[in-house]
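The values are calculated or read from the model by the stated rules, or taken from the named source; none is laboratory data. The model shown is predicted, which means the values in this text are computed figures rather than measured ones. Here the Cβ is made from the backbone with ideal geometry for all residues, glycine too, and neighbour counts use every protein chain on show. For the accessible areas, the whole protein counts, side chains as well, though only heavy atoms, and no ligand, DNA or RNA atoms are used. Shrake-Rupley method; radii C 1.70, N 1.55, O 1.52, S 1.80 Å.
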Amino acid sequence: MSRFRNDQQTICALATPPGVGGISVIRVSGMQVRECVAKLAPFLPQSPESHKIYYGHLKSVGGVDLDEVLLSYFAEGRSFTGEETIEISSHGSPLIATRVLSELVVAGCRVADPGEFTYRAFMHGNVDLVQAESVLELIESETELARAHALRQLKGSLSNTLREMEQELTHCLAHLEANLDFAQEDIEFANPIEISHRLDRVFDKAKDLLSTHQTGKIIRQGYQVAIVGPPNAGKSSLLNYLAQEDVAIVTHIPGTTRDVLSADIKMGHHAVRFFDTAGLRASTDEVEQIGIERSFKTAKDADLVVFLDSVDDPMPTPEWLQGRTFLRLRNKADLLTESRPAESGILYVSAKTGIGVPDLCADIAGRVQAISGDSNGVTINARHFRLLNECLDGLARARTLQSENASPEFVLAEAQFSLECLMEVSGKRFDDEVLDEVFRQFCLGK
Ligand SMILES: Nc1nc2c(ncn2[C@@H]2O[C@H](COP(=O)(O)OP(=O)(O)OP(=O)(O)O)[C@@H](O)[C@H]2O)c(=O)[nH]1
Ligand SMILES: [Mg+2]
C-alpha cells in the first residue's frame with residue numbers, strides 16, 4: 001500500500017519555506033477547493049476564472065479577520081496537480097500560515113503529506129515519474145548546470161526518448177504476436193530482419209542512455225574527488241587550502257585524520273566535492289585501521305582519486321590504483337631543491353604556499369567538463385540505470401533468439417520483459433514501493 005491515501009479529499013500545505021518572509025504561499029488542491037476556500041474568502045466569486053488573482057481579506061470560519069491575501073485560481077486540468085487548485089498568498093508569517101492551514105482543515109481540507117501535490121500530478125498524468133523526479137532535482141539543484149538540466153528533463157527530454165523506445169518495442173511486439181498468430185498457417189507477417197532492426201535500435205538507445213549515468217551523477221551530485229596518500233603528506237592541508245577554511249585538523253603527527261571529511265568547491269558551473277581521508281599505512285591502532293578502511297572505500301566510490309605524497313617522503317604509485325581514474329600529486333613543492341628535483345609525470349603543489357594549486361584545479365575542471373561536456377543531452381539517475389540495465393539484458397536475449405530463428409513466443413517474452421522495464425522507468429507501470437521511494441524525498445507542499 002502506498003503511504004499516499006488515494007482519497008479524493010482536498011489537500012492543503014504551506015508551499016513556501018516555513019518562517020518569516022515577504023509572503024507565504026499555501027497551496028490547496030482537490031475537488032472541494034472552491035467550497036473550502038470560500039468559507040474563509042467570501043470575496044472569491046462562485047465561478048472564478050483560471051489563472052486569475054483575487055484580492056480580499058481572509059477570515060476564520062468563525063469570522064475573525066486573518067490577513068489581507070491574494071488568491072490565485074487554477075481550474076481543473078490547468079494546474080500542476082491537474083485538480084482545481086487555489087494558492088493563497090498571505091503575509092509571510094509562520095503564525096498566519098499555521099492559522100490559515102488550521103482554518104482550512106476546519107473548512108474540510110486535509111493537510112498534505114510531503115510530495116503529495118506532485119504525486120497527484122503524476123496520478124492525473126500531468127507528469128510522468130521521470131518528470132516528477134526532475135521536479136525534485138530542480139528544487140534541490142545547487143549549480144546552474146544542475147538547474148538547467150533538471151528543467152530540460154522536466155520538460156520531457158528524457159521522457160520523449162523513453163516514449164520512442166517504448167513505441168518501437170510495442171511495434172516489435174505487435175509484429176511478433178502477428179507472426180505467432182499465423183504460425184500454424186505458415187504465414188510470416190513481419191519480416192524477421194525488420195524485427196531485428198527494431199530490436200537493435202532500442203538496444204542502441206538503451207545503451208546510449210546507460211552511458212549517461214556517470215554524467216548524470218556528476219550533474220546531480222557533483223564530481224567526487226578522494227584525496228588519499230601516506231600520513232603527513234598534507235592531504236588535510238590541501239583540503240583546507242582548497243576550501244579556504246579550516247575544515248580538517250592539521251598537525252605534524254602522522255595519522256592525524258581518521259574520519260572522512262569533505263568540502264564542496266564550485267569550479268565553473270560544476271560542484272566538486274573533495275574528500276580528505278586517513279593516511280594509508282600499516283597500523284595496529286584499531287581506530288586508525290577503521291579510518292584507513294574508509295579511505296579505501298572513499299577512493300573506490302570517487303570519480304577521481306588524487307594520490308598525494310610529499311617531496312620530503314616521496315613514494316612509488318601504489319599498485320591498487322591501476323585501473324582507476326587517478327591523478328598523481330606531490331605536495332610540499334616549496335621544499336624542492338636542486339638535490340631534491342621534481343620528477344616528471346607528477347603534478348607538484350604546495351598546500352602551504354599554493355604553488356601548483358591553480359594547475360590542479362584546471363586539471364580537475366577539465367576532467368569534469370570532458371565528462372559532462374554534452375550536458376545538453378539527457379541523463380539517467382540510479383533508478384533508471386538499474387531498470388535500463390535489465391531492459392538491455394532482455395533485449396540482448398531477444399536479439400540472440402531472433403538471430404537464431406527461435407520461435408516468436410520466446411523473442412516475444414524477452415521483448416515484453418524489456419518493454420515492462422521501460423514502462424517502469426517512466427512510471428506507466430509502477431508499484432507502490434517505487435512511488436513511495438520517489439515521492440518520499442519531497443518536502444512538504446511540493
Ligand atoms: N612545507 C610544507 N609543509 C606542509 C605542506 N602541506 C602540509 N604541510 C605540513 O605537513 C604536516 C602534515 O600535514 P597534514 O595536512 O596534517 O597531513 P595529512 O596528509 O593530512 O596527514 P594525516 O592526516 O596524518 O594522514 C603538517 O605539519 C603541515 O603543516 C606544504 O605544502 N609544505
Ligand atoms: Mg590529515
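Every residue in segment 209-225 that is within 26 Å of residue 291 (Cβ to Cβ) and either part of a loop (DSSP other than H, G, I, E, B) or within 13 Å of ligand 2 (Cβ to nearest atom) (or both), please.
The answer is 222, and nothing else.
From the list 308, 335, 239, 280, exactly one residue is under 30 Å from residue 144 (Cα atoms), hydrophobic (A, V, I, L, M, F, W, C) and open to solvent by less than 80 Å² (accessible area, probe 1.4 Å). Which is it? Please lay out each step first, then the result.
Numbers: 308 fails: under 30 Å from residue 144 (Cα atoms); 335 fails: under 30 Å from residue 144 (Cα atoms); 280 fails: under 30 Å from residue 144 (Cα atoms).
Unique residue meeting the criteria: 239.
Every residue in segment 44-81 that is buried (at least 17 other Cβ atoms within 10 Å of the Cβ) and of a type in the set (Phe, Trp, Tyr), please.
Listed by number, the residues that qualify are 54, 73, 74, 80.
Six or more apart or on different chains, Cβ under 7 Å: which pairs go from a residue in segment 284-303 that's under 26 Å from residue 271 (Cα atoms) to one that's open to solvent by 60 Å² or more (accessible area, probe 1.4 Å)? Could you list them?
Going by the 7 Å Cβ cut-off, the qualifying pairs are 291/258; 291/259; 303/325.
Please state which of the following conditions residue 394 fails to meet, knowing it meets all the rest: (1) closer than 18 Å to residue 168 by Cβ; (2) touching a residue at least 60 places away in the same chain (Cβ under 8 Å); (3) assigned to a helix (DSSP H, G or I).
Of the numbered conditions (1) closer than 18 Å to residue 168 by Cβ; (2) touching a residue at least 60 places away in the same chain (Cβ under 8 Å); (3) assigned to a helix (DSSP H, G or I), the odd one out for residue 394 is (2).
Tell me which residues, restricted to segment 260-271, are modelled with pLDDT of 95 or more and either in contact with a Ser or Thr (Cβ under 8 Å, 6 or more places away or on another chain) or open to solvent by less than 20 Å² (accessible area, probe 1.4 Å) (or both). Give the steps one after another, and end with the answer.
Here is the first cut: in segment 260-271, the ones modelled with pLDDT of 95 or more are 260-263.
Of everything in segment 260-271, those that are modelled with pLDDT of 95 or more and either in contact with a Ser or Thr (Cβ under 8 Å, 6 or more places away or on another chain) or open to solvent by less than 20 Å² (accessible area, probe 1.4 Å) (or both) turn out to be 260, 261, 263.
For segment 82-122, which positions are crowded, with 17+ Cβ neighbours inside 10 Å, aliphatic (A, V, I, L, M) and in a helix (DSSP H, G or I)?
96, 97, 100, 101, 104, 121
Which one is nearest to residue 157 (Cα to Cα), of the residues in segment 370-391 that are in a helix (DSSP H, G or I) and among the polar types (S, T, N, Q)?
372
So if I check each of 162, 154, which one is touching a residue at least 12 places away in the same chain (Cβ under 8 Å), open to solvent by 30 Å² or more (accessible area, probe 1.4 Å) and aliphatic (A, V, I, L, M)?
Just one listed residue meets the conditions, 154.
Cβ-Cβ distance below 9 Å, separation of 6 or more or different chains: which pairs start in segment 39-65 with a residue that is touching a residue at least 60 places away in the same chain (Cβ under 8 Å) and end on one that is among the hydrophobic types (A, V, I, L, M, F, W, C) and in a loop (DSSP other than H, G, I, E, B)?
From segment 39-65, the pairs are 39/61; 39/107; 40/61; 40/107.
Select from segment 299-325 the residues that are under 29 Å from the mean Cα position of the chain (by Cα) and among the small types (Gly, Ala, Ser) and write down the one among them that is farthest from ligand 2 (Cβ to nearest atom).
That would be 323.
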